[in-house]
Amino acid sequence: MSSRVDSSPWRLEWSDALSVGIPEIDVEHQRFIGLVNELNEAIIGRLDLAVIKNRMQSILEDAAAHFAHEEELFREWGYPEASEHAMKHAQITLALHGIMTRFERGGMEYEWIEAGLKVKEALIEHLLAEDMKYRDYAQRTGLGRVNPA
Ligand SMILES: [Fe+2]
Ligand SMILES: [Fe+2]
């Protein structure tokens, strides 16, 4: 059964397995993970809705800047999957805005918990499924500032 560490289902922890080998992007992903953890802490800790919305707003802003940064790198690299990847960014952005709207409507506590988990899942799935594709591409082609092995 799961451990009783109180934060475990909600927290994301950074690990080397999440590294895309590009330090400036890793830093952004780490910050993003921190923001998602803070959002979920606010939800689980039953902080004011204003705090939750604030933290969600930070995630929206951070995501927009981060996605734009990745897409800029794709242009520099001539990354062949750039448009598919940008489409995924657009889908996540839409989903995140939908979640923000749910917070703005207030709603029930269980809905916030579900929404917080959705934010976490969207982030981690995107990192593992999509961002890892450009990690492989950058390593294969020598593009990006890849960490020494
Ligand atoms: Fe990313
Ligand atoms: Fe991405």
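Check the range 90-98 and report whether any residue there is closer than 19 Å to Glu24 by Cβ, modelled with pLDDT of 95 or more and crowded, with 16+ Cβ neighbours inside 10 Å.
Initial filter on the range 90-98 (closer than 19 Å to Glu24 by Cβ): none.
Checked against the condition, which is being closer than 19 Å to Glu24 by Cβ, modelled with pLDDT of 95 or more and crowded, with 16+ Cβ neighbours inside 10 Å, the range 90-98 yields no hits at all.
Every test in (1) at pLDDT below 90; (2) over 28 Å from Ala50 (Cβ atoms); (3) open to solvent by less than 80 Å² (accessible area, probe 1.4 Å) is passed by Glu109 save one, and that test is (2). Considering the conditions (1) open to solvent by less than 20 Å² (accessible area, probe 1.4 Å); (2) assigned to a helix (DSSP H, G or I), Val20 is excluded by exactly one of them, (2). All of (1) modelled with pLDDT of 95 or more; (2) surrounded by 15 or more Cβ atoms within 10 Å (Cβ to Cβ) hold for Leu49 with one exception: (1).
In the range 81-120, what count of residues is obtained for those that are without any contact (Cβ under 8 Å) to a residue 12 or more places away in the chain and either within 18 Å of His69 (Cβ to Cβ) or within 15 Å of ligand 2 (Cβ to nearest atom) (or both)? Can you show your working first?
Initial filter on the range 81-120 (without any contact (Cβ under 8 Å) to a residue 12 or more places away in the chain): 82-84, 87, 90-91, 94, 98, 101, 105, 107-108, 110-111, 114.
Subset that is either within 18 Å of His69 (Cβ to Cβ) or within 15 Å of ligand 2 (Cβ to nearest atom) (or both): 82-84, 87, 90-91, 94.
Final tally of qualifying residues: 7.
Exactly one residue among Arg11, Arg31 is more than 16 Å from ligand 1 (Cβ to nearest atom), closer than 17 Å to Leu128 by Cα and open to solvent by 30 Å² or more (accessible area, probe 1.4 Å), and that residue is Arg11.
Could you tell me which residue of the range 112-148 is modelled with the lowest pLDDT, considering only residues that are open to solvent by less than 50 Å² (accessible area, probe 1.4 Å) and charged (D, E, K, R)? Only one residue tops the list, namely Lys120.
Of Val20, Val51, Val27, Val36, all but one fail to be free of Cβ contacts under 8 Å to residues at least 40 places away in the same chain, within 16 Å of ligand 2 (Cβ to nearest atom) and of a type in the set (Val, Ile, Thr); the exception is Val27.
Hey, any hits in the range 71-80 for a residue that's open to solvent by less than 60 Å² (accessible area, probe 1.4 Å), in contact (Cβ under 8 Å) with a residue 40 or more places away in the chain, in contact with a His (Cβ under 8 Å, 6 or more places away or on another chain) and not hydrophobic (A, V, I, L, M, F, W, C)? Yes - at least one qualifying residue is present in the range 71-80.
Check the range 57-65 and report whether any residue there is more than 16 Å from ligand 2 (Cβ to nearest atom), touching a residue at least 12 places away in the same chain (Cβ under 8 Å) and of a type outside the set (D, E, K, R). Yes: the range 57-65 contains one or more residues that are more than 16 Å from ligand 2 (Cβ to nearest atom), touching a residue at least 12 places away in the same chain (Cβ under 8 Å) and of a type outside the set (D, E, K, R). Residues in the range 56-74 that are among the hydrophobic types (A, V, I, L, M, F, W, C) and within 12 Å of His97 (Cα to Cα): Met56, Ile59, Leu60, Ala63, Ala64.
The values are calculated or read from the model by the stated rules, or taken from the named source; none is laboratory data. Keep in mind that this is a model prediction, so the values were computed, not measured. Virtual Cβ from ideal backbone geometry, glycine too; neighbours counted across all protein chains shown. Side chains included, ligands, DNA and RNA excluded: accessible areas come from the protein's heavy atoms. Shrake-Rupley method; radii C 1.70, N 1.55, O 1.52, S 1.80 Å.
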